[in-house]
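Just so it is clear, none of the values below were taken in a lab; they were calculated from the coordinates. Nothing here was measured: the structure is a model prediction, and the numbers come from that model. Backbone-built Cβ (ideal geometry, glycine too); neighbour counts: all protein chains shown.
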Amino acid sequence: MIDIKSLTLPELQEEMEKIGEKKFRAGQIYEWMHVKLVDSFDEMTNLSKGLREKLKEQYELISLELVEVQTSKIDETSKFLFRLSDGNVIESVLMKYHHGNSVCISSQVGCRMGCRFCASTLDGLERGLKPSEMLDQIYKIQKWSQERVHNVVVMGTGEPLDNYDSLLRFIHLLTDEGGLHISQRNLTVSTCGIVPNMRRLADEKLQITLALSLHASSQEKRKTLMPVAYKFDLKDVLDACRYYFEQTGRRITFEYSLVGGVNDSSEDARELTELVKDLNCHINLIPVNPIKERDYVQSDSRAILNFKNKLEKSGINVTIRREMGRDIDGACGQLRKSYMDTEKER
Ligand code: SF4
């Protein structure tokens, strides 16, 4: 069956013609799915019953099932577990900031990138998400909170550039004028550094922000934290970042997880400065969340501040990411992981 929520409006118009319906029906269906955010064809009340039946026979309307929500008592951050139609579960997060609501979504079920500090990769990759499954995380959260989503970050489970075609279609649908119409500038895609696809994305000349998970100040150190570094050399990754900026004019964000005693020394800060000083960038320092399956610990607060000051003194734009939802199931991927572990035990 065709996944109707992943179709663009022109594609949907073609589909309507194929099944002998008027073209304008496509606009109505598109609006039901992407603006009114309905979950079933039966809710599309300006369509005839006959057409709704025809749609049910030929098209699948992807709608995620909300399994669990945990809301932080500290800062109202909420983590969501959704079940997909094939039974897999994925995790998304809603963060409330003074500048608006931000949703962090997953792009794959599991991940094959193997980053040493990440819980999402412990069971490998199951599959990439469809565009509709990425969109519906945002739609369901907007409906649940009854507040508009302003920012979207593709930074949850999965490597978005390992699911490139679906990601691109998702971006077009999410930012489309006829849909939820989130501005491209309010969308961030995070990658661990898949060089060819970073360059492909640059050539799309979109206005989205590219965030690179850097996490180390040298190629050697990066290899110990992120196996992807064996495939793509740090120099080529940074060249791809430069290329992204040249093509789009968008400043790169570097994500740097601080792991106690591993990459948080003054020497690391100095190396990092050397690495990025000629790039138009912003560095986000993330105090790493300890995960029980790995022995990494968070840097202490003095080391974190010291690291930040060192970078700032060299004129680098840097922030420490505020930890959100400290009281609810830790780092990205951990809610899903603990849910899956409990399921297995049953
Ligand atoms: S940090 Fe991202 S890319 Fe790395 S293993 Fe985790 S989900 Fe995959």
Helix 49-58: inclination vs the chain longest Cα principal axis, degrees, rounded to 10, gives 50 degrees
If you restrict to DSSP beta bridges whose two residues both lie in the stretch 64-220, what percentage is antiparallel, to the nearest 5?
60 percent
How long is the gain from GLN184 to MET1 if the chain were fully straight, where each residue apart is worth 0.36 nm and the alpha carbon distance is subtracted?
62.9 nm
Springs between alpha-carbon pairs under 10 angstrom, Gaussian network model over the chain: which of ASN88, ASN289, ASN263 fluctuates most?
ASN88
Across the stretch 108-168, what fraction of all alpha-carbon pairs, as a whole percent, falls in each successive 10 Å bin from zero upward?
22, 46, 28, 5
The correct pair for the chain, radius of gyration to one decimal and Dmax as a whole number, both in Å and from Cα atoms, is 21.0, 69
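Take the cross-link list LYS23/LYS49; LYS79/LYS308; LYS36/LYS140 and give me the ones stretching past 23 Å between alpha-carbons.
LYS79/LYS308
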Under 8 Å for C-alpha pairs, at least 6 residues apart: give me the relative contact order for the chain, rounded to a whole percent.
15 percent
State, as an integer percentage, the relative contact order of the stretch 96-174 based on alpha-carbon contacts under 8 Å between residues 6 or more apart.
43 percent
If one compares the long axis through the Cα atoms of helix 131-145 with the longest principal axis of the Cα atoms of the chain, the angle in degrees, nearest 10, works out at 90 degrees
Reachable lysines, given that their alpha-carbon falls under 30 Å from the alpha-carbon of LYS313 and they are not under 8 places away in the same chain
LYS221, LYS223, LYS235, LYS277
The stretch 1-81, relative contact order [Cα under 8 Å, separation at least 6], %:
28 percent
With both bridge residues required to lie in the chain, what share of the DSSP beta bridges run antiparallel, to the nearest 5%?
45 percent
So which chymotrypsin sites (Phe, Trp or Tyr not before Pro) in the stretch 29-126 are both in a DSSP loop and have at most 15 other Cβ atoms within 10 Å of their Cβ?
none
Once you treat every alpha carbon in the stretch 53-196 as an equal point and sum by Debye, what is log10 I(q)/I(0) at q = 0.18 Å⁻¹?
-1.10
Using a Cα-Cα cut-off of under 17 Å, which aspartates and glutamates could be cross-linked to LYS310, ignoring same-chain neighbours fewer than 8 residues away?
GLU255, ASP264, GLU267, ASP268, GLU271, GLU274, ASP278, ASP300
